[in-house]
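Undergrad: Here you go, one structure.
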Protein chains: 2
Amino acid sequence: MLIKSQVKYIQSLSQKKFRDDENAFVAEGPKIINELLAAANVETLSLYALKSWIDNNAEIIKSLQANQVIEMKENELERISFLQTPNHVLGVFKKPFFGKPSFEKKITILLDGIQDPGNLGTMIRTADWFGIENIICSKDSADIFNPKVVQSTMGSISRIQVLYEDLKTFIDDHANIPVYATALNGKNLFEMNPIEEGFILIGNESKGVHEELLALTKEKITIPKIGNAESLNAAVAAGIVMAWMRRSL
Amino acid sequence: MLIKSQVKYIQSLSQKKFRDDENAFVAEGPKIINELLAAANVETLSLYALKSWIDNNAEIIKSLQANQVIEMKENELERISFLQTPNHVLGVFKKPFFGKPSFEKKITILLDGIQDPGNLGTMIRTADWFGIENIICSKDSADIFNPKVVQSTMGSISRIQVLYEDLKTFIDDHANIPVYATALNGKNLFEMNPIEEGFILIGNESKGVHEELLALTKEKITIPKIGNAESLNAAVAAGIVMAWMRRSL
């Protein structure tokens, strides 16, 4: 049974302000929910699920209080879901907890104004694949707890620490770490050696990296174009760069 | 002024059956429309646009008949647009014309059941970036003239020839061309040399490549995982493989 205050609470979490106030976010679907339930750094607030999902996951959810698991019919799940097709279970979680990050001897991704939630979520998932632990977003980037971003991360949101910073200040504060930025007319990516330490700076989908940040880079890098497309999708470009820079590891 | 039969016609083009019957598709937004208007192998049927777009593109559209360019108000464009936010201009075009493809001495992408329109469009765009001319989709793949695919290609749809084939028959019919398939437990991609000729076979988002096709490959290739994500997004994985195999060219 769904009560009105629950519907209102979940709907409010579509907005960044309420997610920040509550320190909470929504995820949907068995795959992501099960990853988040298993994550040591994510606290489960409540689950809204079909009876079939609850029955199949009795072992996994037995540590939760009875009032944290709300059984619902499909039409009730439709009322609260952010998906076009509700997917068996919706969970409300506290944002993941991470310790203080370090950037020495590792690769960190810096994102300058990524706007598309699907691109941002896909980049988090790709970073997780290549063992990159931290992502620093400029303050005008999309919010990673936006439901569309959460869905595109496919569970990686509990493993990758994402911070929102003023990128110029952040780079200045870590002047010992070299910055590699994707740019037009940079060095051919395919001539770059793998790196063990560095910030890889990826630009906005249409505007690229801000000029003032490009001025702070050790190397500008370009994925060479052989054909005729005007540009690459930002998440694909980021994936190609991450793969190349991590290839020997 | 929008007449009812035009609305009905455009809406019908959201369905594959009607697109096939009419040999036509819809694209939206100044960027793609201008690429399609400039493409020698794409015939323009009609444009529905705001006055501002028509005024700014008078030179480009002067070869069209007056009745092919329909000026509309924003609320009329909203009625026919497939986008959440209509983008100045919607065009109806004949599907692009291509000559008979050849597969010798070049790389061709084979897609086994790609379902997500955004992934498919992004792969077409990536192929276009890396100078790959042809894509062969299994018959159960998404349709490239689905409006969401068209939008994700960002105009590459006029340059990349996409055919729908039974992949097993297709591979059998081109037995002289080596097949490289993305798979679990294949050879480390980063140990592969670039190739000048071959079919790169990319699998469905969740099921991968069909077993019966894997049996026909020269080499299975895997993007090595360093971190913890369960999988990569299919378009990102395809991008990484295309970049790696094309890197010396």
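Read-outs: derived from the displayed coordinates by stated rules, not from any lab. Bear in mind the structure is a predicted one, so any value in this text is a computation, not a measurement. For neighbour counting, all protein chains shown are included, and Cβ atoms are generated from backbone atoms with ideal geometry for every residue, glycine included.
Undergrad: Looking at this structure, is A:Lys105 more than 16 Å from the chain's Cα centre (by Cα), outside any helix (DSSP H, G or I) and at positive phi?
TA: Spelling it out, A:Lys105 is indeed more than 16 Å from the chain's Cα centre (by Cα), outside any helix (DSSP H, G or I) and at positive phi.
Undergrad: Which one of the conditions (1) surrounded by 14 or more Cβ atoms within 10 Å (Cβ to Cβ); (2) more than 19 Å from A:Gly29 (Cβ to Cβ); (3) not β-branched (Val, Ile, Thr) does A:Gln68 fail to meet, given that it meets all the rest?
TA: Exception for A:Gln68: condition (2).
Undergrad: Please verify whether the range A:80-103 includes one or more residues that are under 15 Å from A:Ala235 (Cα atoms) and not β-branched (Val, Ile, Thr).
TA: no
Undergrad: Now a separate question. Take the range B:3-30 and flag every residue that is under 18 Å from B:Asn57 (Cβ atoms) and surrounded by fewer than 18 Cβ atoms within 10 Å (Cβ to Cβ).
TA: Matches in the range B:3-30: B:Pro30 only.
Undergrad: From the residues in the range A:121-152 that are assigned to a loop (DSSP other than H, G, I, E, B) and away from every other protein chain (no Cβ under 14 Å), which one is surrounded by the fewest Cβ atoms within 10 Å (Cβ to Cβ)?
TA: A:Lys139
Undergrad: Which ones in the range B:1-50 are in contact with a His (Cβ under 6 Å, 6 or more places away or on another chain) and of a type in the set (A, V, I, L, M, F, W, C)?
TA: Answer for the range B:1-50, where residues must be in contact with a His (Cβ under 6 Å, 6 or more places away or on another chain) and of a type in the set (A, V, I, L, M, F, W, C): just B:Leu50.
Undergrad: Please work out which one of (1) surrounded by 19 or more Cβ atoms within 10 Å (Cβ to Cβ); (2) in contact with a Pro (Cβ under 9 Å, 6 or more places away or on another chain) is the condition A:Glu78 fails and give its number.
TA: (1)
Undergrad: Here are some conditions: (1) touching an Asp or Glu at 6+ places or on another chain (Cβ under 6 Å); (2) in contact (Cβ under 8 Å) with a residue 24 or more places away in the chain; (3) farther than 25 Å from A:Lys148 by Cβ. A:Gly113 meets all but one. Which one does it not meet?
TA: (3)
Undergrad: Oh, and also: Checking A:Gln115 against (1) buried (at least 19 other Cβ atoms within 10 Å of the Cβ); (2) more than 12 Å from every other protein chain (Cβ to nearest Cβ); (3) touching a Ser or Thr at 6+ places or on another chain (Cβ under 9 Å), which test does it fail?
TA: (1)
Undergrad: If you check A:Asn233 against the conditions, is it under 17 Å from A:Gly113 (Cα atoms), facing chain B (nearest Cβ under 8 Å) and in contact (Cβ under 8 Å) with a residue 60 or more places away in the chain?
TA: When the stated conditions are applied, A:Asn233 passes them.
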